[in-house]
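The values are calculated or read from the model by the stated rules, or taken from the named source; none is laboratory data. Remember, predicted model here, so these are calculated numbers, not experimental data. Note that we place each Cβ from the backbone using ideal geometry, even for glycine, and neighbour counts take in every protein chain shown.
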Amino acid sequence: MPPTDAPTPSVTTAPRESSSRRDPRWLFVLAALLLIARIAAQVVESRRPVADVAAEAQDLVRWRTPAQGAAEAKALAKPVLYDFTAEWCPPCQRMKAELFSNPQSAQVLEQMVVPVRVMDRSREDGQNIAVVDSLQRFYRVDAFPTLVVAWPEREEYQSTSGYMGAEGTLQWIGQSAMKVRPGLSVPVRP
Amino acid sequence: MNPTLVLTFLRQRATSPMRMILMLMLFGGPLMLAVLTRSLTPLAGVAAQLVLVLVAGAIGQDVSSGVLQLTFARPVSRPSYVISRWLAASLATTALVLVQVLLASVALIWRGAPVGAAEVARIVLENAAMAFAGAAVMIALSSFVNGLGDLGILFLGFFSAQILGAIAGQMHWDVVAMLARFVSDTLFPKIDLRWLFGGGAVPWAELAAWSSTLTLGLALAIWRMNHRELSYAAD
């Protein structure tokens, strides 16, 4: 009788089941369920028209006209915050709903800066009024929203385009208000 | 959770001079700004940066240095290792923010600025939420790449999403814009807790995003660690 071969040891490529590896299945299931809930919530939210969200939010910032803002900033020795915005711009409406409609944020803004809104109407009316055009040219605004923090009668300014979230924007305004104060040298944006 | 791993991680982080310098700057800078502007606003979101400094390379650096192989030679489970790293970074960041906010509040009250207990609580809680979710994201990234590669992936992903989001916004590509926002919110998770203090409706979508980011980060990190083959030769 021919000798039989000894059984060859099986080779597996699966990860070793050592004692240090434990799969917390409940965590995987929870993570999957929350991910589904998140995607569903985001889809539902994205289908809500931007105009509805903005209409629900009441802008609590007391916006000045450019002339009023400049005079008030000079009198109070505070920087001016220019909000270059447009009605049709979704991030602008998000900023309004999340930042300018919040009582605490509006209060902080009033403390730090003199807020001036510069509304672009070129898409709706075909052209802007002269002061809007000249401010957009001076601060080189090419996207909405653009925020500019400037000290009255000084050329130095800080600017940012796009919406970076309520907290981030408020933080940026606070830091820029400090940077444009006379005595602190800040390079002019090219 | 393994208390020894938590303490070891914190001790390891505290012995890095560069990390300590950055932490000091991130601790002192916003604190000074809060005092100068007479407002707690500069402290909102400070945990996002603090936790980055504290947790960057949490697992990747252990892999690069060969510490991980030695750690797992002891009776330490991989999920426990991941959870300990995450908890250590999150709790340490929360404690730092708490001290920072309390110091700022005392300074503001001393300077005669109004400081509300609700505002203090909100800023601390929002920062804590940011720290816990942010640490989970970084731990997940760190489990995939060695060294400080997690920081590279984080910033590359974030800036790519920002650029893509801006382009999508201009071109009205709604799905791409939503995807870009999804990536940004995942990499830098945050939550607005004003509703807890009597300010508006509960933001369910934001809550779902935050909790999903946290659990997904931890689940991915644990899954990756459980499937990672460690050897001195390979890593």
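Determine whether region B:179-201 contains at least one residue that is more than 18 Å from the chain's Cα centre (by Cα) and among the acidic types (Asp, Glu). Looking through region B:179-201, none of the residues is more than 18 Å from the chain's Cα centre (by Cα) and among the acidic types (Asp, Glu).
Okay, residues lined up against (1) closer than 25 Å to A:Pro24 by Cα; (2) hydroxyl-bearing (Ser, Thr, Tyr); (3) more than 8 Å from chain A (Cβ to nearest Cβ); (4) assigned to a helix (DSSP H, G or I):
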residue	(1), (2), (3), (4)
B:Val175	no, no, yes, yes
B:Thr186	yes, yes, yes, yes
B:Val202	no, no, yes, no
B:Ser211	yes, yes, no, yes
B:Leu214	yes, no, yes, yes
B:Ala221	yes, no, yes, yes
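Just one of the numbered conditions (1) within 18 Å of B:Thr37 (Cα to Cα); (2) at pLDDT 85 or above is not true of A:Gly168: (2). A:Ala97 meets each of the listed conditions (1) at pLDDT 85 or above; (2) of a type in the set (A, V, I, L, M, F, W, C); (3) in contact with a helix residue (DSSP H, G or I) (Cβ under 6 Å, 6 or more places away or on another chain); (4) crowded, with 17+ Cβ neighbours inside 10 Å apart from (1). Say whether the condition of being within 21 Å of A:Ile39 (Cα to Cα) and surrounded by 16 or more Cβ atoms within 10 Å (Cβ to Cβ) is met by at least one residue in region B:167-175. Among the residues of region B:167-175, at least one is within 21 Å of A:Ile39 (Cα to Cα) and surrounded by 16 or more Cβ atoms within 10 Å (Cβ to Cβ), which makes the answer yes. Among the residues of this structure, B:Phe158 counts as one that is more than 8 Å from chain A (Cβ to nearest Cβ), in contact (Cβ under 8 Å) with a residue 24 or more places away in the chain and surrounded by fewer than 18 Cβ atoms within 10 Å (Cβ to Cβ). In region A:73-85, the residue that is farthest from A:Glu110 (Cα to Cα) out of those that are charged (D, E, K, R) and modelled with pLDDT under 90 is A:Lys74. From the set of residues in region B:125-139 that are small (Gly, Ala, Ser) and buried (at least 24 other Cβ atoms within 10 Å of the Cβ), which is farthest from A:Leu27 (Cα to Cα)? The extreme case among them is B:Ala131. Could you tell me whether any residue of region B:152-163 is hydroxyl-bearing (Ser, Thr, Tyr), at pLDDT 85 or above, under 21 Å from B:Leu125 (Cα atoms) and assigned to a helix (DSSP H, G or I)? There is no residue in region B:152-163 that is hydroxyl-bearing (Ser, Thr, Tyr), at pLDDT 85 or above, under 21 Å from B:Leu125 (Cα atoms) and assigned to a helix (DSSP H, G or I). When region A:74-110 is filtered for residues that are aliphatic (A, V, I, L, M) and either within 11 Å of chain B (Cβ to nearest Cβ) or touching a Pro at 6+ places or on another chain (Cβ under 7 Å) (or both), the ones remaining, listed by number, are A:Val80, A:Leu81, A:Met95, A:Ala97, A:Leu99, A:Val108, A:Leu109. Under the condition of being within 8 Å of chain A (Cβ to nearest Cβ) and of a type in the set (D, E, K, R), which residue from region B:27-85 is surrounded by the fewest Cβ atoms within 10 Å (Cβ to Cβ)? Looking at residues that are within 8 Å of chain A (Cβ to nearest Cβ) and of a type in the set (D, E, K, R), I get B:Arg38.
The set of residues from region A:130-163 being in a strand (DSSP E or B) and either closer than 19 Å to A:Glu72 by Cβ or away from chain B (no Cβ under 14 Å) (or both) comprises A:Leu147, A:Val148, A:Val149, A:Ala150, A:Tyr157, A:Gln158, A:Ser159.
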